[in-house]
Amino acid sequence: MASHKPPSSREDFDVAIVCALPLEFDAAVSVLDEVWDTSGGPALGKARSDLNTYVNGRIGGHNVVLVLLATRMGKVSAAISASDLRHSYPNVRMALLVGICGGVPLPGGDTEIVLGDVVISSSLVQYDFGRRYPDGFLRKSGASDNLAGLGRELSGLINMLQNTELQRKTLRERTMANLRALQQGNPDLYSVPDPATDRVYRADYRHKHQAPDVECLCREHSQETDPVCEKAMESSCDSLGCGDEFLLPRRHLEERIAAFAKLSDPDTAEDREEAISAALEPAIHIGRVASGDTVMKSGVTRDLIAVTEEVIAFEMEGAGIWEHVPSLVIKGVCDYADSHKNKKWQRYAAGTAAAVAKAIMSLVPVADRRDLGGAGFQKPEWLVPFPPDPDFVERPDISEWLHEKSKVPGARAALVGLGGIGKSQLAIQFAHSVRDRSHVFWLSAATRATLEESFRAVAERLKLSLDGKQESVLNQVGKWLADESNGRWTVILDNLDDPSVLMEDDPRLLKALPQANHGFTIITSRSVQGADLLVGGTKNAYAIEPMSEEDSIRLFQTKLRQPAPGEDAKRLVRILGGLPLAIAQAAAYINRKAPRASAADYVRIFEEDDDRRASLLGGAENKDLRRHDGSSDTVLGTWSITFKQIQSERPAAVDLLCLLSFFDPQSIPEWALRPWYSPDPSQMPSVPVRTGLSSFSSLMASLKGKQKVTTTSDPEKKLEAWGFLLREGTAPKTPTTPTPGNGTPKPSKPSRLSFFKKNKSSSSPSTPDSPYTPGSLGSTGTPGTPFSPSATTLSSHYAEDELERDLEALFAYSLLIPTARGMLKMHPLVRHCTQLWLAQSSARDLWRQRFYLVMVQNLEAPLASGRSHMGLIPHLTPILTEEPSEPLTTRLWVILAHFVYSSAHNIHPIINHSDAFRQSELKLGEKILQVSERTLGPYDKLTLICLDRVAQALHGCREHERACEAWEELLAREEDADKDGKWVIKESRLNYARYLTKQGSLEDAERVTRELLAQREADLGDRSIDTLWSRANHANVLASMGRWDEAHAIVITLLEANWASASDNHLHMQVINICASIALKMLEGCAPVEAEPFLREMVATVEKFPENCLSWLAYSLFGHFHYMLSQCLAKQQKFSAEGTILARGMEIMAKTIPVPELNPPSLLDDLLKEASQEEGNRDPSREKMISAVIGHLQEDEERPTEFYYDIANIARRLYVQHRVDEAVKLTNSLVDHLKAHPVFGVDHRLTRRVVIFASDMEWVEERFPKRRQKEWYRPDLLGM
């Protein structure tokens, strides 16, 4: 036997065998012909940053390195190991992934796969790589989305095995020889198990407790999604009682069982032993293999994927290795990828896979040791000034995308994203992964000078003849790159944030980077637009997002000398938003300060104040050797570069960024920005006025407490008072990066005005193209100088265009990201850096005032209702921690703080009756009141509103004496209050009356409401909405006193009232709710016989005027009035009449409440069509229609509250049609959607109302079991 010389270095290895499990690794080591590590070979070591452990050996003439994955199964672990493998063994030209897998028992045709068979991959399908939509998962398909290429050498090998009988026969023979040798050396481990234990059950037959005498919930579960107990999952089929009648019949398995029985039969003739052994020989199957991150344990899902993707087996590591090294998956089938796992076959399957792998290696020619790189191979040129990062956390999606793009001839690809997001680090790692098969050149494109210097360095490395002129350098480099005989190259153009560096004036720079078939160019840039110009569109640009929380924690822990506690690490990476540079900087800070600083200390310091945060984000102690000298090493520094670039391109976008920094960064509604571009004076706060003073002077005088003045809502007066906030102010300058002793940067020159133009002359004619009208807003004064009343805002069309341009500028640099239709997201560190930027420029207070004024206008805007109002809460809640002392800011702050305060019941409806909540509510109300009284004065409308709310909060906290004093104090101020203040006090009388009612002072409460009603009838007339509102409150007190006839008469007049001209829909709704409350009081306070006539008349009136009376009760399944009457009838045991009234109420509600407009328009027409007599079995088309309606809930679109009530009415109409299952399915989907909704959520009033709506359906089904037979509706029992 010829001896084999031990390898002298790791460069002598050309094949790797990768195993995920120790039992796989044991089998692979057992088939080695020689183990160099134990037979006197040299110690070969590994690369410095490599974390793998290797066994070096030989199979035939091949030097083979074996790798056992260090951490766990899965593609991420495999990808990390493969990347490290390439660093230590640069000449590995193929990898065999050897081990065990789950097989598809009947993959198609007559083919059967049984346990112990071996699967070889012809290609891989990454079946869990795609997009998760509301209605299911859609795998990405196409050349760029899958793992399709084997590489030329392995493709040729698979082609021969599939299409030539000689090679197939050779592979089978050598496999059996290898398997017999393995079994002889290890008979206890690799002998074939009894084929009778090879069982494959019907796909939908679950592995769970089956025996009837077992007390376990999972025994009754039959659906694919039903849970199975943990004990069952760990038990064998025999112990669970899995039935043989559910086994699939298989001819090949039956032959194996028969052959196995004859092997132990002494009467079997010796000449038949060979045929019997052939029947037990493992079959070798070649086909597509599915690779994913989860263990497949579902027969149903297995078969679905097998059919749609045409795969024959499932495994977990191939996708991670495939893109790093040309790979072949060779795995033995140990189970059938279903819930009936069978560990008896794992060792044998690992052995058969190892035997096939060794046979495959015998068919692969041995490469010449002097030419492992291929014919004509020369060592690639390497000009990258950075080593690989030993702490780098792999981001497989991005790496796979880059490798896929690199396969396209002449491709250019861009990595775009925030500064510090990891673009350059990803490019560095890619460069190191291809350095053994491609020339790699790094060009710094931060400035024109650095780019030209980089080209000169490339020319010198290539030893090109130069004459000293830059033009010669560029021409020579360009010609060398264009020459295909020089081999494949990769160029990384780093920090190309300004495309003019490469593209303007001098075309030679761009020509020096030819799009040659043998070349690949990677561009890293903050600017999406600049990158698009070079790579040919967004399809060739990858927008890099922050790291996931798991990867962020891993990076942070890796960078630390001593690991941090898990919760502390999680908090830290969350406040840093998964930004790699910020995480590395934080770790460097902690390492430098250790043991006096920890992750918890960093979080505490970060959250303390701006100065401490600036020191953390701007500290220069963390010098990263893998960042170019032209780029900043700190978070604040790298953003300063971005700010400077945007300010030079579009200063108005910087203005918008300043405003955005006061919003919550996670969910910014685009509509909330419109007042910044189109301010509306009618939506600005009312202002005090006093004869002889301008509006601005009156405002300042009243805010400073110098004068007691009246207020006005006149738009011109309001614009005059508030206009200076809309004027051009001093925009902050891009600060220099803070360094110790550097001091605070000085402000820059003013930026251009974002939304107003200076008025040069009142007589200047306007041009046709100008968006401004003569006398447009703006003056040359300083902040604090009032506007001329004739000022006007930008045209609406132009304002929208300006907003869109500014947003696009921020999108281009990834400072702002559109997340859903009309919603925006900002990285939290963008917000922090912008706030620091404003603070250093002494501009934060001005921009806070502007933010307040914009938000006040949003509250007053017509669209800011329902959900829109609630959508502002996350952005306004932080202001509650502030307590402004400056009078101007206070007026805006009080409006916003009071809105958040009064919205608390919608935000926390479940806890709003707890003592703790009421005390915190009172404390907040008192704070707002104190600020308002101190700065706005005791008679201001806002102060009076706050005092009324505090009185209500005191009542809620059962501090009745203080509550009474607060209301009496409020009423005492009526004489000195202005018109608006008097209106507030009149409304507070109603709250005071409710307080008196609850305290049992009914006579006093009746007097208060009667006097107010009389006053409003005299001042406003009988039909005024305020008069009707007062009348409803008076009726409510009368009902509490038991004066049923009087209360009932008033309710009927309110239900019959003409509300068509009512200007306050909210007040209309409140009146109807009071009427329903009075009906409830009658039900509970009267004898049923006495209450019935009252309630019947109410119901009759409601049915006569349903639009007036029911539109505001859309969340009620039957309508409150019908429900009250039904309960009254039930108390009298009139059960048939009870059901009839409820049915009638549902019908009236279904007809009165609208349904939403959905696409296609015919959808609801078809869905709500009356059922035909023949309709019995479930119609598949109806299921699709219901799914389509549910799908509209998932659309990325702002929806008002009414939309969800209208969706509920679709369910109500289906319920009325006795389509109960469809109604319940739609209602449950609506509930689930609202509970998971970022604006509404579990505790929101809307969600709770829809939950009650759903529970009412369940109640009806339980109370009226005959309803499904349509026997509960008796019109003759209506009694009307």
* Asked: Before we move on, is residue 989 closer than 23 Å to residue 1054 by Cβ and touching a Phe, Trp or Tyr at 6+ places or on another chain (Cβ under 9 Å)?
  -> yes
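Among residues belonging to the range 527-545 that are at pLDDT below 85 and of a type in the set (A, V, I, L, M), point out the one that is surrounded by the most Cβ atoms within 10 Å (Cβ to Cβ). Let's see the steps before the verdict.
Pass one, the range 527-545, residues at pLDDT below 85: 527-539.
When the remaining residues are screened for being of a type in the set (A, V, I, L, M), the result is 528, 531, 533-535.
On the way: 528: 18, 531: 28, 533: 15, 534: 21, 535: 22.
The selected residue is 531.
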* Structure fact -> Per the filter on the range 1114-1165, residues at pLDDT 85 or above, more than 37 Å from the chain's Cα centre (by Cα) and not in a helix (DSSP H, G or I) are 1132, 1133, 1134
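Going by what's in this entry, would residue 1023 be described as basic (Lys, Arg) and part of a helix (DSSP H, G or I)? Break it down into steps so the answer makes sense when it comes.
Details: basic (Lys, Arg): yes; part of a helix (DSSP H, G or I): no.
Taking the combined requirement at face value, the residue does not satisfy it.
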* Residue list for the range 569-586, filter: under 23 Å from the mean Cα position of the chain (by Cα) and either in contact (Cβ under 8 Å) with a residue 60 or more places away in the chain or open to solvent by less than 50 Å² (accessible area, probe 1.4 Å) (or both) -> 569, 572, 573, 575, 576, 577, 578, 579, 580, 581, 582, 583
* **Among (1) surrounded by fewer than 23 Cβ atoms within 10 Å (Cβ to Cβ); (2) farther than 22 Å from residue 1223 by Cβ; (3) in contact with a Pro (Cβ under 8 Å, 6 or more places away or on another chain) - the single one residue 1105 does not satisfy** => (3)
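Checking the conditions here, which among 945, 907 is open to solvent by 20 Å² or more (accessible area, probe 1.4 Å) and at pLDDT below 85? Outline the logic, then answer.
Numbers: 945 fails: at pLDDT below 85.
Every option except 907 fails the conditions.
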* Hey, any hits in the range 547-561 for a residue that's acidic (Asp, Glu), outside any loop (DSSP other than H, G, I, E, B) and in contact (Cβ under 8 Å) with a residue 12 or more places away in the chain? -> yes
* Asked: Which one of 279, 232, 283 is within 23 Å of residue 113 (Cβ to Cβ) and either open to solvent by 50 Å² or more (accessible area, probe 1.4 Å) or modelled with pLDDT under 80 (or both)?
  -> 279
* Structure fact -> Only one of (1) aliphatic (A, V, I, L, M); (2) open to solvent by 30 Å² or more (accessible area, probe 1.4 Å); (3) closer than 13 Å to residue 945 by Cβ does not apply to residue 1002, and that is (3)
* If we scan the range 505-526, do we find a residue that is at pLDDT below 85 and either within 35 Å of the chain's Cα centre (by Cα) or at positive phi (or both)? -> yes
* To do: With the checklist (1) in contact with a Leu (Cβ under 8 Å, 6 or more places away or on another chain); (2) of a type in the set (A, V, I, L, M); (3) within 24 Å of residue 917 (Cα to Cα) in hand, flag the one item residue 985 doesn't pass.
  => (3)
* Matching entry among 620, 600, 672, 652 (being open to solvent by 20 Å² or more (accessible area, probe 1.4 Å), modelled with pLDDT of 80 or more and either under 23 Å from residue 827 (Cβ atoms) or within 29 Å of the chain's Cα centre (by Cα) (or both)) -> 600
* Asked: Would a scan of the range 146-154 turn up a residue that is open to solvent by 70 Å² or more (accessible area, probe 1.4 Å) and at pLDDT below 90?
  -> yes
* Residues of the range 416-444 satisfying the condition of being β-branched (Val, Ile, Thr) and not in a helix (DSSP H, G or I) -> 416, 421, 440
* Structure fact -> Only unsatisfied item for residue 964, checking (1) buried (at least 21 other Cβ atoms within 10 Å of the Cβ); (2) within 21 Å of residue 1037 (Cβ to Cβ), is (1)
* the range 470-495, residues that are part of a helix (DSSP H, G or I), under 12 Å from residue 516 (Cα atoms) and modelled with pLDDT of 85 or more -> 478, 479, 480, 481, 482, 486
* Pick from the range 360-373, criterion open to solvent by less than 30 Å² (accessible area, probe 1.4 Å) and not in a helix (DSSP H, G or I), ranking: modelled with the highest pLDDT -> 364
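Being open to solvent by less than 30 Å² (accessible area, probe 1.4 Å) and modelled with pLDDT under 85 is the requirement here; does residue 357 meet it?
Working: open to solvent by less than 30 Å² (accessible area, probe 1.4 Å): yes; modelled with pLDDT under 85: no.
Here the answer is no, as residue 357 does not meet what is asked.
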* Asked: Right, residue 454: closer than 27 Å to residue 641 by Cβ, open to solvent by 10 Å² or more (accessible area, probe 1.4 Å), in a helix (DSSP H, G or I) and among the polar types (S, T, N, Q) or not?
  -> yes
* Is there a residue in the range 1024-1046 that is within 30 Å of residue 860 (Cα to Cα), within 47 Å of the chain's Cα centre (by Cα) and among the charged types (D, E, K, R)? -> yes
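Among the candidates 85, 97, which residue alone is more than 16 Å from residue 315 (Cα to Cα) and either open to solvent by 20 Å² or more (accessible area, probe 1.4 Å) or modelled with pLDDT of 75 or more (or both)? Spell out the reasoning first.
Details: 97 fails: more than 16 Å from residue 315 (Cα to Cα).
Checking each option against the conditions leaves just 85.
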* Can you tell me which residue in the range 1193-1231 is least open to solvent (accessible area, probe 1.4 Å), limited to those that are touching a Phe, Trp or Tyr at 6+ places or on another chain (Cβ under 9 Å) and aromatic (Phe, Trp, Tyr)? -> 1204
* Structure fact -> Reported set for the range 1005-1024 where residues are open to solvent by less than 40 Å² (accessible area, probe 1.4 Å) and at pLDDT 85 or above is 1005, 1006, 1008, 1009, 1012, 1013, 1016, 1021
* Asked: Is it the case that some residue within the range 33-45 is modelled with pLDDT of 80 or more, among the aliphatic types (A, V, I, L, M) and assigned to a strand (DSSP E or B)?
  -> yes
* To do: For residues that are modelled with pLDDT of 85 or more and either of a type in the set (Gly, Ala, Ser) or closer than 30 Å to residue 28 by Cα (or both), scanning just the range 197-213, find the one that is most open to solvent (accessible area, probe 1.4 Å).
  => 199
* Which of the residues that make up the range 881-904 are modelled with pLDDT under 80 and either open to solvent by 10 Å² or more (accessible area, probe 1.4 Å) or part of a loop (DSSP other than H, G, I, E, B) (or both)? -> 885, 886, 887, 902, 903, 904
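Specify which of the listed residues (556, 606) is among the aromatic types (Phe, Trp, Tyr) and either within 16 Å of residue 389 (Cβ to Cβ) or touching a strand residue (DSSP E or B) at 6+ places or on another chain (Cβ under 9 Å) (or both).
Numbers: 606 fails: either within 16 Å of residue 389 (Cβ to Cβ) or touching a strand residue (DSSP E or B) at 6+ places or on another chain (Cβ under 9 Å) (or both).
Going through 556, 606 in turn, the sole match is 556.
The values are calculated or read from the model by the stated rules, or taken from the named source; none is laboratory data. This is a predicted model, so every value here is computed, not measured. A quick note on method: Cβ atoms are made from the backbone with ideal geometry, for glycine too, and the neighbour counts reach across all protein chains shown. The accessibility values were calculated without ligands, DNA or RNA, using every heavy atom of the protein model including side chains. Shrake-Rupley method; radii C 1.70, N 1.55, O 1.52, S 1.80 Å.
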